[in-house]
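Here is the structure we will look at, set down as structure tokens.
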Amino acid sequence: MFDRSRLLEPPADPATAPILPNVDTVIEINSNNQVLGLQLLGGSDTLINGASAIILDIYKDGAIAKDGRLKPGDHILECNGVHLTKEMAHERLCLTIKQKTAKLKLTVHRPEPIRWEEVEIDLARKAGRPLGLACVAPVLAPGVYIGNLLPGTPAELDGRIQRGDFLLAVDGKDVSSADLIAAATALKLCANKATIKVRRFKTLR
């Protein structure tokens, strides 16, 4: 009798396994106690609250960039045997993943297409005062994302924009591919009652 089990392929080596779209993939990264070099989103104290951490940005020369398999938008579900949960705050998610170890074993999910949520917010400011959105240019993509909300400003007090949101438009002007200078200029020259449109990653589960 023919043994069909012989047709089954052995599991991929986590050290070299490619990250396939729309399936959970286990990978292992030789981090050699180096800085990982990535920015993460998610946590129970943020607007992206799911059972994962989402990669926002990857910096050159870090262990993640040297490995070359992860990319922004990937969801990390588990790290070195620790499952990420909706109850974890952002800081705990980061501490769970950004640990200096010889090897990092991750369970990763790459949604294709990437799931986004677009939000449009009206913010009022006093004449000559900033909205409070400090932008950052991502390493691997065009446009800018919100790197920080300045304390006490309209954007921070409103609460509907968060770090990691990608800036799409200011008062109807498309800035989705703008550089830092163009984005900062658009925010500086916006109306005292400004309409800000952003895009953020959506959780999977």
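In the range 82-93, the residues that are closer than 9 Å to residue 44 by Cβ form Cβ pairs under 8 Å with partners that are part of a helix (DSSP H, G or I), at six or more places apart or across chains, as follows: 88/96. The set of residues from the range 152-205 being of a type in the set (A, V, I, L, M, F, W, C), farther than 17 Å from residue 141 by Cα and assigned to a loop (DSSP other than H, G, I, E, B) comprises 161, 189, 190, 191, 204.
Residue by residue, here is whether (1) surrounded by 14 or more Cβ atoms within 10 Å (Cβ to Cβ); (2) free of Cβ contacts under 8 Å to residues at least 24 places away in the same chain; (3) in contact with a Gly (Cβ under 6 Å, 6 or more places away or on another chain); (4) under 22 Å from residue 73 (Cβ atoms) holds:
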site	(1), (2), (3), (4)
158	yes, no, no, no
165	yes, no, no, yes
174	no, yes, no, yes
177	no, no, yes, yes
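Taking the stated definitions as given, is residue 122 touching a Ser or Thr at 6+ places or on another chain (Cβ under 6 Å), farther than 30 Å from residue 15 by Cβ, exposed (fewer than 14 other Cβ atoms within 10 Å of the Cβ) and among the charged types (D, E, K, R)? Yes, satisfied.
Kindly indicate whether any position in the range 37-53 is in a loop (DSSP other than H, G, I, E, B) and without any contact (Cβ under 8 Å) to a residue 12 or more places away in the chain. Quick ask: steps written out before the conclusion?
Narrowing the range 37-53 to residues in a loop (DSSP other than H, G, I, E, B): 37, 42-52.
Still in the running and without any contact (Cβ under 8 Å) to a residue 12 or more places away in the chain: none.
No: zero hits.
Here residue 120 clears all of (1) within 20 Å of the chain's Cα centre (by Cα); (2) not in a strand (DSSP E or B) except the condition numbered (2).
Please indicate, with yes or no, whether at least one residue in the range 77-95 is of a type in the set (D, E, K, R), surrounded by fewer than 16 Cβ atoms within 10 Å (Cβ to Cβ), at pLDDT below 95 and assigned to a loop (DSSP other than H, G, I, E, B). Looking through the range 77-95, none of the residues is of a type in the set (D, E, K, R), surrounded by fewer than 16 Cβ atoms within 10 Å (Cβ to Cβ), at pLDDT below 95 and assigned to a loop (DSSP other than H, G, I, E, B).
Specify which of the listed residues (185, 203, 195, 153) is β-branched (Val, Ile, Thr) and at pLDDT below 95. Let's see the steps before the verdict.
Numbers: 185 fails: at pLDDT below 95; 195 fails: at pLDDT below 95; 153 fails: at pLDDT below 95.
Result of the check over 185, 203, 195, 153: 203.
Among the residues of the range 37-55, is any aliphatic (A, V, I, L, M) and surrounded by fewer than 17 Cβ atoms within 10 Å (Cβ to Cβ)?
To start, the set of residues in the range 37-55 that are aliphatic (A, V, I, L, M) comprises 38, 40-41, 47-48, 51, 53-55.
Filter once more, so that each one left must be surrounded by fewer than 17 Cβ atoms within 10 Å (Cβ to Cβ): none.
No, the range 37-55 contains no residue that is aliphatic (A, V, I, L, M) and surrounded by fewer than 17 Cβ atoms within 10 Å (Cβ to Cβ).
The values are calculated or read from the model by the stated rules, or taken from the named source; none is laboratory data. Quick caveat: nothing in here was measured; it's all calculated off a predicted structure. Reconstructed Cβ throughout: ideal geometry from the backbone, glycine too, with neighbour counts over all protein chains shown.
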